[in-house]
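The values are calculated or read from the model by the stated rules, or taken from the named source; none is laboratory data. Everything quoted here is computed from the prediction, not taken from an experiment. Here the Cβ positions follow ideal geometry from the backbone for every residue, glycine too, while neighbour counts run over all protein chains shown. Protein only, heavy atoms only, side chains kept; ligands, DNA and RNA dropped before computing areas. Shrake-Rupley method; radii C 1.70, N 1.55, O 1.52, S 1.80 Å.
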Amino acid sequence: NDECNPAIFAPVNSSSVCQQVTPGSLAGATASGAPAIAPCIGTPDDDVWYQFIASNPFLTVSLQNIVGSTTNLNFAVYSGSCGTLAQLFCSAANTTSGVVNGLTIGQTYFVRVYSNANTPQTTTFNLCISTPASCISGQAACQNLSYQNTTGVANQGTIGCLGSSPNPAYYTINVASSGPINLFLSQSTTQGGTPNLDVDYAAWGPFTSQTAACAAIGNPPT
């Protein structure tokens, strides 16, 4: 995978948990010829390539367990085909993860990993592609539990009764009996801390299953 063709296939995790990772190494890697395009940083003289099939409109790409001659790695995400790639995303300086938005489900995308150094390195790493909360990957919400905030997901615009939807998260609730239900949501900058962030929500239902719900309201919902 020293060149775009052939890029190693990387699986996409169906949740935010990295149960499947793709091991990678820069050892022996050479430049692919294409320079890093702003805002990408670093010198891609030791790049390696991966490909994945989008299963969600937005996915998290992260480099984990980085060990070797440097831990300062960069990555970029591209659409299209090898030779005619269009750059979609660059990792920020000193950051080894990011949410890639605007993906088309079922389309193949490419990830280019390289070091920030101006000489080839021998670093090893794990590539994880995971799914932030969406309708199809939303988890079940239980009583009085805390959940980690979603960050980096593009504003999905008007959703239901919400005028905007920055950093959305999705959950399912299994209602055991008929009648009224009270929902209380709060959000804070630290888990379990004093609520200090605004949070809005919209609710849909009833549906016979999560699959039926997402088919009816869309992913993301409308």
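Taking region 73-95 on its own, how many of its residues are of a type in the set (Ser, Thr, Tyr) and either farther than 14 Å from Tyr114 by Cβ or surrounded by fewer than 20 Cβ atoms within 10 Å (Cβ to Cβ) (or both)? Residues meeting the conditions: 4.
Where residues in region 1-19 are among the aliphatic types (A, V, I, L, M) and in a loop (DSSP other than H, G, I, E, B), which of them is modelled with the lowest pLDDT? Here the answer is Val17. The residues in region 161-174 that are among the small types (Gly, Ala, Ser) and exposed (fewer than 13 other Cβ atoms within 10 Å of the Cβ) can be counted, and the count is 2. Does Tyr201 meet the test of being under 28 Å from Thr104 (Cβ atoms), modelled with pLDDT of 85 or more and part of a loop (DSSP other than H, G, I, E, B)? It is true that Tyr201 is under 28 Å from Thr104 (Cβ atoms), modelled with pLDDT of 85 or more and part of a loop (DSSP other than H, G, I, E, B). Consider Gly102 carefully, then state whether it is surrounded by fewer than 16 Cβ atoms within 10 Å (Cβ to Cβ), touching a strand residue (DSSP E or B) at 6+ places or on another chain (Cβ under 9 Å) and either under 26 Å from Thr211 (Cβ atoms) or of a type outside the set (Gly, Ala, Ser) (or both). Spelling it out, Gly102 is indeed surrounded by fewer than 16 Cβ atoms within 10 Å (Cβ to Cβ), touching a strand residue (DSSP E or B) at 6+ places or on another chain (Cβ under 9 Å) and either under 26 Å from Thr211 (Cβ atoms) or of a type outside the set (Gly, Ala, Ser) (or both). Of the conditions (1) of a type outside the set (Val, Ile, Thr); (2) touching a helix residue (DSSP H, G or I) at 6+ places or on another chain (Cβ under 9 Å); (3) at pLDDT 85 or above; (4) open to solvent by less than 60 Å² (accessible area, probe 1.4 Å), Pro221 satisfies every one except a single condition; which number is it? Tallying (1) of a type outside the set (Val, Ile, Thr); (2) touching a helix residue (DSSP H, G or I) at 6+ places or on another chain (Cβ under 9 Å); (3) at pLDDT 85 or above; (4) open to solvent by less than 60 Å² (accessible area, probe 1.4 Å), Pro221 fails exactly one: (3). Looking only at residues in region 177-197 that are touching a residue at least 12 places away in the same chain (Cβ under 8 Å) and assigned to a loop (DSSP other than H, G, I, E, B), the one that is most open to solvent (accessible area, probe 1.4 Å) is Gln191. Count of region 105-153 residues, restricted to those that are open to solvent by less than 50 Å² (accessible area, probe 1.4 Å) and touching an Asp or Glu at 6+ places or on another chain (Cβ under 6 Å), is 4.
Matching residues to (1) closer than 30 Å to Phe9 by Cα; (2) part of a loop (DSSP other than H, G, I, E, B); (3) more than 24 Å from the chain's Cα centre (by Cα):
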| position | (1), (2), (3) |
| --- | --- |
| Phe125 | yes, no, no |
| Thr151 | yes, yes, no |
| Val175 | no, yes, yes |
| Cys214 | yes, no, no |
| Pro221 | yes, yes, no |
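In this structure, Asn65 qualifies as surrounded by fewer than 16 Cβ atoms within 10 Å (Cβ to Cβ) and modelled with pLDDT of 95 or more.
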